[in-house]
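Structure first, then comments.
The values are calculated or read from the model by the stated rules, or taken from the named source; none is laboratory data. None of these values were measured; they are calculated from a predicted model. Neighbour counts are summed over all protein chains in view; Cβ atoms, including those assigned to glycine, are modelled from backbone coordinates with ideal geometry.
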Amino acid sequence: MNEDLENLKEFSKQIKSGELYENLQSKLLTYQKKKSGRKDKSIESFQKKIESKEIEIQKLIGEIIHLQNQLSSLLDKELNS
């Protein structure tokens, strides 16, 4: 009981001095920075993944066009023979 009373007195001192408020505010700011940092990183990683997929798609489109041209050439040769 005596210990609880001492804890209560210490807590009230922290409230009156503003120490508790500053501590909570500091922790909240730290949490928000971490949280927003994660979002930025995840957005950046998604953008990088999207860019790499776009490059892969462009390469595949190029290969498809090349194969279509080869197929057209082969069909023309077959028809002309």
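Figures for the structure shown
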quantity: Test: Phe11 is surrounded by 10 or more Cβ atoms within 10 Å (Cβ to Cβ), among the aromatic types (Phe, Trp, Tyr), under 16 Å from the mean Cα position of the chain (by Cα) and in a helix (DSSP H, G or I); calculated: no
quantity: Options Lys59, Lys41; residue that is at pLDDT 85 or above and basic (Lys, Arg); calculated: Lys59
